[in-house]
1. Given q = 0.19 Å⁻¹, what are the Debye log10 I(q)/I(0) values for the stretch 37-180, with equal point scatterers placed on the Cα positions and solvent ignored?
2. Based on other C-beta atoms within 10 Å, arrange Thr77, Thr125 from fewest to most.
3. Using +1 at the Cβ of each Lys and Arg and -1 at the Cβ of each Asp and Glu in the stretch 45-149, identify which of Pro102, Pro54, Leu114 lies farthest towards the dipole's positive end.
4. Suppose R0 equals 35 Å; then what is the FRET efficiency for Ala163 and Glu74 from their Cβ-Cβ distance, rounded to the nearest 0.05?
5. Please order Trp64, Trp133 by the number of other Cβ within 10 Å, starting at the fewest.
6. Above 18 Å lies some portion of the pair distances; for the stretch 20-96, what is it as a whole percent of all C-alpha pairs?
7. Summing +1 for each Lys or Arg and -1 for each Asp or Glu, what net charge is found among the other residues whose Cβ lies under 11 Å from the Cβ of Pro91?
8. If each of Ala130 and His156 carries a label point 7 Å out from its Cα toward its Cβ, how far apart are those two points in nm?
Amino acid sequence: MMQDRDSQLEPGTQLPVQENVSDAYELTVGLADLSPGAETEPNDTPRDGARIAPGAEFRGRLDWLRDVDYVCTESGTGNVRFVVEDSPTLPRLRHAVLQATPHGGASDGIPVRLHRRGTKLPADTKHDVAGAWQSAPIPRGLAEACVKLELVPNPHAPLPHPAVAPSGDEEYTVRVEVSP
């Protein structure tokens, strides 16, 4: 059985599942060993997002089209900020860029595109960062402090731009820090 994870259907459309019913197969379910801070699915809504404590680091991948990951802080008091960096070792395909959108705080809902450290960006780019990005402080007590991560078409890539950003195996990291 297989799901077409790279379909370019409209958002919200159920991705097709393909099954070869003529072949016999056996499914075994067991416990998995997860390393702390590793991504598990589902995590594509704030309710299902990965929960990490201040001082912890999370690693994830956006490895199918239109994949979305949420990383949220554990509940508590005080302010936190997210520090997000795209893969420092593997470059993304040119037509995709990691986008981080904070949920909560002064920058609530304002997306920022994160390019690989050392990328030369035009001087007039308002919502693009080369290297690590830090969110504005987000209070943990009033609402859920989360950051939404997704791939979007890179507006600085050569034309033509794709309608949907290509997926990839590059790993991003998110840290949560206590903020004044």
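Rule-based calculations on the coordinates, nothing more; no lab input. Here the structure is a predicted model, which is why all the values come from computation and not from measurement. As a convention, Cβ positions derive from the backbone with ideal geometry for all residues, glycine included, and neighbour counts pool all protein chains shown.
1. Those come out to -1.10, one per q.
2. Numbers: Thr77 7, Thr125 13.
By the 10 Å Cβ count, ascending: Thr77, Thr125.
3. Highest projection toward the positive end goes to Leu114.
4. Numbers: r = 37 Å, r/R0 = 1.05.
According to the calculation, E is roughly 0.40.
5. Trp64, Trp133
6. Details: 1702 of 2926 pairs.
Value for the stretch 20-96: 58 percent of Cα pairs lie more than 18 Å apart.
7. On the way: positive: Arg92, Arg94, Arg116, Arg117; negative: Asp86, Glu170.
Net of charged neighbours comes to +2.
8. Between Ala130 and His156, the simple spin-label model gives 0.6 nm.
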